[in-house]
Structures are given as structure tokens and as C-alpha cells.
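The values are calculated or read from the model by the stated rules, or taken from the named source; none is laboratory data. Fair warning: this is a prediction, and the values are worked out from it, not measured in the lab. As a convention, Cβ positions derive from the backbone with ideal geometry for all residues, glycine included, and neighbour counts pool all protein chains shown. For the accessible areas, the whole protein counts, side chains as well, though only heavy atoms, and no ligand, DNA or RNA atoms are used. Shrake-Rupley method; radii C 1.70, N 1.55, O 1.52, S 1.80 Å.
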Amino acid sequence: MSSSASACLIAVKYLLVATTWVLFSDYLLTLVVLEPELQLQLQTFKGMAFVLITTAVLFFTARHQLRGRRQQELALRKNDERFNLALAGGNDGVWDWDLVDDAFYLSARCRELLGITAERPEGIAQQWLEYLHPDDKEPLRAAFIAHLRGKTERLELTYRVVGQHADLVWVQVSGQAVRNQQGRAVRLVGILRDISEQVRREQRLLQAGVMFDCTSEGMLICDAEQNIIDVNNAFCQITGYQPVDVIGRSPNLLASGRHDTEFYRRMWQQIMATGRWSGEIWNRRKDGEIYPQWQNIIAVKDHMGTLTHYVAVFADISMIKRSQQEIDYLAHHDPLTKLPNRLLFNERLNTAIVRASRHITTLGLIFIDLDRFKGINDSLGHSLGDEMLQRVAERVQQVCEDADTLSRLSGDEFALLVERPVGFDDLSKLAERIQQLLLEPFELNGQLIHMTASIGLSLFPSDGNDGAELLKNADSAVSLAKSRGRNSYAFYTQELTEQARRRMNLETELHLALQQHQLRVYYQLQKDLRSGQWIGMEALVRWEHPEHGVIPPDEFLPVARHAGLMGEIDEFVLHQACAQMRQWLDAGYPLRTMAVNMSGYWMERGDVLSSARSALANSNLDAHYLELEVTEDEVMHYGDLSVSLLDQLSELGVRLAIDDFGTGYSSLLRLKRMPVNKLKIDRGFISDLPGSESDSAMARTIIGLGKSLQLATIAEGIETQAQEDLLREFGCDAGQGYLYNQPLPAVEVEKILMAVEL
């Protein structure tokens, strides 16, 4: 019954009771009381009594009703509070959808989970759809329709909501439809739960499961009693055991027997103390093969700190071990000859010196440098050159004893450590035997190749206190052997160290000299032997050292070649000479040429053509005034390269001269093809004139050759008037030497030129 009907029934009852009371009481009064005045008073009293009685009845009735209602409201409030606390404790939200009135209710937690900010009920559904993940909209709609049609007993859905900050939230919807008597859904009520963390845990578990089965590292899980309860696929592939072979058994079945009890005691002691152990361990496969592995063991404990499992993860490192051995071999051995390389040789040398020092004994070092090996590489190719090195190593190994070490230090350099008591005679015999072994021709690709070697010898402790010094001194002895004509051997002497130290100091100071402009260009006059006039100059470099004075070129130029500074020196001389020639021409001196030496190093590694263009342009000097000199040996050595370069210089207009002519092995055919203007007769053919008939014949021949090739000739090193007269008689065109002047600075040369003018 509705509240209106109940109220109406109570009112009717009260009306009947009140009406009956009024009529009945009035009737009684008319029967009992006859006097109107008294009857009126009694009716007034009766009315007041009726009001008091009904008021009391209403009071107690209302109080009873209100107390009941208050208790109901309190009980309802407590139930509602318990419900809200339960939802808050479960971090869940409540939703209620009245399908008849299309009213949608979401609790505050629901709004928070769904990212809904709408306050008006009609805006909630729209925002909910906006935040719903696009891929979940259609499945969610289908599930709702199916449940409303009664196809599912409960509504259980999981979907994603894109939050306001683009973060993804997984939510779970649980609910059920309330249906009317006809079975039609009139209301949907349920809860909403954030399951993002649960989804992430499930994904991690899934990933862990995939990794467990797919990782290349073997894994096994043991219980607290160290019984295997699970293994992965990699475990089976590495060990050869299948799960049925190992589950329920102890990991001891994998033990190789290579580790003692103390090893395992320390391992378990660390696991108990720290909860983990990592290290290299050797185990045995099912087929009996022992192999190394890198293993990590972790003790797993629950939230109470109780040990529950052990997890072991291991990798087969047998391939790494083999690779390390191969890398170690390659790092310490020459890949071509398989001999120890410089690194391993130095280690063995230093170790041998320590042993020799301890036992107060000697040892020897033999440094072997193959003679002219570069020519074999250039002529036969690097493959046959490599084969030659292998053959040489095989022959030299014949003189080695078990304790000796033969090493290939670099290209064509070998070293033999003789780790036994030896003296000078013993090393001499070994060196001679090595030379004898190398004298027999090598057959390479059907050709017989002859090979010799220059050998340097040093002894410990007389020639050095450590390996580096001993090897350096033996190398210095090789230089001495080469200077004696190759195919020889030499012992180290202190003088060699002094020479090497001086060369090193010179190299250091030469770098500084170039930076501080200590180099100077001196000039030597060239005279026309027929007219007696000065026709040219040769520019010669000198080093004016601030402490040691002028250092001769034959002392520092070899150092410059070794240090790779010749190109820089050549360019310096070229630019200085061109600028000076321009000054002398402007001063009116009738000079024809300025001769500048062109080194082989500059020809090979420098850009001579570009340098010449630059020097001529900077000095505003015509190209025909510049004469570049290159030695006969270097012209022949660089072959087609030199011919091509000389052709380009000739096209530029630069004059060209062959220096030291007669000392090399010129090909007349190649000489004819070169754009050369002048032949310069070496001073070696001039110094003994006029007394030497052979030198006279050679000088006459060179001059005659020059005339036949239409080349000018100039003799260097003229020191006497007799030499000048004889050369003039032979038909030589020009000369230079100490008869005229020593190489002098430009200022001193100008004095000579001015004296002639006066």
C-alpha cells in the first residue's frame, strides 16, 4: 500500500471514531442532563477532554513512529557506511543504470577510474564513451546487448580506458540486470574495479613464462630441499637431459667432478649469506662431456622471509672459452708464420731476463733483418712475399732449441731469443748458420730467389739490463751490419747507442728548428766555363743551431728523411730560393737559373708540381729560371712516376737536371724519353782530375753523352784551376765548387756578384 492510501485510511478511521464519540456523547448528555446551561458546560468539558486524549494518543503514536523511523534511518546509514567502506577497501566503484528513466549513476570512484568529470547526469554517458579505448567500444556494446537480452546470466567485462594524461587503465565491470515480471531488464547495477596492476602482473608472468622457455640460457628451479621441480628448453639443449630425466632429482647429477668439496662449501656459504652466487663452474652433459658454464644461483624467499625455492640460470661458455683461446693466440702470434709476435716475444724476453738474473747467467738475442725484401714484394707480389717469409721462418727454426723463441717482429724482421748460457762465439756461430741456411735459393712459383739477411747480436747482461734495451741494441747492430754491405752480422757496441741517441736528439731538435725557423738557405755559384760569367746558383739548406752552430746537411738530412720531414724542408728551400732569385734579377744580376734539389721523398709523397706553381707565383718568377735537380738513382727508382712528374714540370716551364750523374744505373732509353735539360757530373769523377785517367775518361764520356743528347753539362766539386781547365777542354758547359765559393748566405754571395759588376 502506498503512503497516500495509508494516510487516507488513518484519516477515515480517525473521522469515524471522532464522529461516533461526538454523536454518542451528545446523546448521553441529552439523556442525563436536562438543564441547557449545564449541558453546555459539560459539552465544553467533553470537547476539551477529547482534544487532550486525542493529543496524547497522537503524541505517543507519533513518538513511536518517529523512533522506529530514526532507528531505520540509523540502520540504513550504518549499512550504507559499511557498504561504502567495503567499496573503498576494495578500491571499487558502484554504478547504477535505470533503463526505464535512462538515469545513470556513477560513484566518485567510478568517475575517477573512467576519467569522467561531468557533473550533470546526461553528460556522463558521453564522456564515458569518449574515454573508452577505440578497440573496446564494439565488444563492450555487444556484451551489454547480449546481457540485456538475457543471453548471459551476469555481466563480466574487461576493457581499457584512456585517461586524461594518455595513460591506459584496465577496468573490470561486474553487474547484473534487474528484470520486471515480464523478464525485461529495467535496471543494471554493478561495480567497477581497476585491474591495471593485475593485468601488468599477468603480462609479466606471461613474459617470464615465454622467457623461461625461449631464453638461450639454461634455467632450473629447485624447491627448498634442492630437488629439481622445473627446467626450461635451453637447459635440455645445453645438458642433453630431458625434464623427465631430472625433475625430482638433485642438481648433483650434473656435477663434473672437477671441483672439490671446498669449492661447493664456499658457494653455498655465499648463497646462505647473500642470497645469490655467480661464477664459473664446470658441469657434465648427459653424454659425459665436461663443459664450462657461467652460473647464477638465487635463493627465493616469500613475504615472511622463508626460503621457498632456488633458481639457477647458466650459460654454456665453452664457445667463449675457445674464442678466448683463439683471440689469445692471435694476440700473441703472427698469423702468417705462426711464430710468436712482438708482444709475446717481449713477455718471454723479460721473463728470461728475470730467470737469467736470478741464476746469474747469460742469454743472447739475434735480430734478423732480411735484405731487399721490399724488392721481392714489389716484383713478385705480396702473396709470394708472404710465402717467402714463411720459408725463412721454417729455415731459421732449424737452429732453435726447445728453450729458444723465434719471433716475427714486423714485416721482414725476426728475432731469436737464445735462452741458454751463450757467449760471443756461440752467437757468432748461430748467426753464420742462419746466413748459410738463407743462402740456398728459395723456389717461389717456379723462380729461384736468393735471400740474404743482416743480423744484429746482443748479450745479456753486458748489452742491456732489460728486454727493451737488449732488443733496441740488437736492432742498432743490424744497422751496423747493413752499413758493412748487408749479408753480414755485427755485435752491439756502445758507439751505436751514442749514434742512435744523437740521431734521436737531432730528430727532436729538427722538429723544433722548423718551428723556430732555424733553417737557412745558402747558395753556391755556377760558372760558365767558356765565358767565365756567373750564370746560376744552387740553393743548399743549412741548419744554424743556436748552440751547436751550423750543422752540415749530411748529418741532419738523413735524420729528416727518417722522420718524414724532407718534403717540408724541400718546400722551404724552394720558396726561399725563388724569392731570392727574384731579388737578384730585380737587382740586375745576369743569372740564368736557380737550382733546387728535389728529393725522392718529395717526389713520392709531396705535391711537387703544386709547390713549384705556388713558389713561382708567390715570387713572381718566370718558370724557366727555376731548375729542379733530382739524382740519377731516384729517377730510376721511381720509374714511370718520375717520368710523369718531370713531364708535368717541363710543361710548366721548369728546367730539369739529373744530379750525381754517372753514379747510378740510368737507362739511356729512359733518359732519352725524359724532358731533362742538364746532366750534372758527380764530384767523385772530378776530385782526382787531372791525374786519374779513368776519371778523365768518365768525365769526357758523360760530356760527350750530354752533347749527343743535346743536354747541357755541369761539373760539381771543382776545387783547382787545373780541373777547370781540363773540363773546359773536354767541352763541359759549366762548373761549381770551392774554387769559386763555398755555400754562402745570400748577403755574402751578393758581394761576389757586385765585385764582378765593378
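With the dipole of the chain worked out from charges on the C-beta (+1 for Lys and Arg, -1 for Asp and Glu) around the Cα centre, which of Leu254, Ile376, Met754 lies farthest toward the positive end?
Checking the options against the dipole of the chain, the answer is Leu254.
Residues with amide H under 5 Å of His333's amide H, sequence separation 5 or more or different chain, H placed in the peptide plane at 1.01 Å from N; which?
For His333, whose amide H was placed from the backbone, the distant partners under 5 Å are Asn341.
For a quick check: with amide H placed at 1.01 Å from N, whose amide H comes under 5 Å from Asp230's, ignoring anything fewer than 5 positions away on the same chain?
Ile221
Any idea what the dipole of the chain comes to, in debye rounded to 20, about its Cα centre with Lys/Arg Cβ at +1 and Asp/Glu Cβ at -1? Present the calculation step by step, with values, prior to reporting the outcome.
On the way: 76 positive and 102 negative charges, 970 e Å.
It works out to roughly 4660 debye.
Sum -39500 (n - 2.57) across every DSSP H segment of at least 4 residues in the chain, then divide by the residue count to get the 222 nm mean residue ellipticity, nearest 500.
Using -39500 (n - 2.57) per qualifying helix, the result is -17000 deg cm²/dmol.
Skipping prolines and chain starts, which residues have an amide H placed within reach, meaning under 5 Å, of the one on Ile317, given they are 5 or more residues away or on another chain?
Sorted by chain and number, the residues that satisfy this are Gln293, Trp294.
Would you work out the charge dipole size for region 253-406 about its Cα centre, treating the Cβ of every Lys and Arg as +1 and the Cβ of every Asp and Glu as -1, and quote it to the nearest 20 debye? Don't skip to the answer; put the middle values down first.
Details: 19 positive and 20 negative charges, 131 e Å.
Roughly 620 debye, rounded to the nearest 20.
Accessible surface of His450 in the full protein assembly, 1.4 angstrom probe, to the nearest 10 Å²?
130 Å²
Can you flag which of Lys527/Lys678; Lys338/Lys472; Lys678/Lys751 are past 26 Å Cα-Cα?
Over 26 Å apart, Cα to Cα: Lys678/Lys751.
Using alpha-carbon positions, what is the distance between the centroids of region 579-634 and region 183-202, in Å?
Region 579-634 and region 183-202 have Cα centres separated by 96 Å.
Relative to the longest principal Cα axis of the chain, at what angle does helix 342-359 sit, 0 to 90 degrees, rounded to 10?
Once rounded, one gets 80 degrees.
Let me spell out the model: positive unit charges on the Cβ of Lys and Arg, negative unit charges on the Cβ of Asp and Glu, origin at the Cα centre of region 505-634. What dipole size does that give, in debye rounded to 20? Let's see the in-between values first.
Numbers: 9 positive and 20 negative charges, 107 e Å.
Here the size comes out at about 520 debye.
Give me the Kirkwood hydrodynamic radius of region 518-575 in Å, from all C-alpha pairs, to one decimal place?
Mean inverse Cα-Cα distance, inverted, gives 12.9 Å.
For the pair Glu469 and His517, what calculated FRET efficiency results from E = 1/(1 + (r/R0)^6), where r is the Cβ-Cβ distance and R0 = 45 Å, to the nearest 0.05? Before the final figure, lay out each step's value.
Details: r = 36 Å, r/R0 = 0.81.
The pair His517/Glu469 has a calculated efficiency of 0.80.
Heavy atoms only, probe 1.4 angstrom, no DNA, RNA or ligands counted: give me Cys400, Cys8, Cys578 ranked by accessible area, highest first.
My answer, sorted largest first, is Cys8, Cys400, Cys578.
Given a Förster radius of 60 Å and the C-beta distance between Glu440 and Glu693 as r, what FRET efficiency does 1/(1 + (r/R0)^6) yield to the nearest 0.05?
Taking R0 as 60 Å, the efficiency between Glu440 and Glu693 is 0.90.
With the dipole of region 547-643 worked out from charges on the C-beta (+1 for Lys and Arg, -1 for Asp and Glu) around the Cα centre, which of Trp602, Cys578, Val643 lies farthest toward the positive end?
Positive-most Cα among the choices belongs to Cys578.
Quick one: P(r) of the chain from all Cα-Cα pairs, 10 Å bins, percents rounded to integers, in order of increasing distance.
Here the calculated profile for the chain is 2, 8, 10, 10, 9, 9, 7, 6, 7, 8, 6, 4, 3, 2, 2, 2, 2, 1, 0, 0, 0.
Tell me the angle of helix 566-586 to the major Cα principal axis of the chain, expressed in degrees between 0 and 90 and rounded to the nearest ten.
60 degrees
Sort 678-690, 458-470, 135-147 for me by packing, meaning the mean count of neighbouring Cβ atoms within 10 Å per residue, highest on top.
Final packing ranking: 678-690, 458-470, 135-147.
What is the spin-label model distance, in nm, from His450 to Arg265 if the labels are put 7 Å beyond Cα along the C-beta direction?
Here the answer is 7.4 nm between the modelled labels.
Once Lys and Arg get +1 and Asp and Glu get -1 on their Cβ, which of Leu512, Ala657, Tyr489 lies farthest toward the positive end of the dipole of the chain?
The listed residue farthest towards the positive side: Leu512.
With every protein chain present, what is the per residue accessible area of region 331-436 (1.4 Å probe, Å²)?
48 Å²
Tell me whether region 503-641 comes out rounded, prolate or oblate; compute the Cα gyration tensor, take square roots of the eigenvalues as a ≥ b ≥ c, and use a/c under 1.5 as the rounded threshold.
Verdict is prolate for region 503-641.
Could you give the angle, 0 to 90 degrees to the nearest 10, between helix 134-148's Cα long axis and the longest principal axis of the Cα atoms of the chain?
20 degrees
Assuming R0 = 56 Å, can you tell me the calculated FRET efficiency for the pair Ile360 and Arg613, based on Cβ-Cβ distance, to the nearest 0.05?
Using R0 = 56 Å, I get an efficiency of 0.25.
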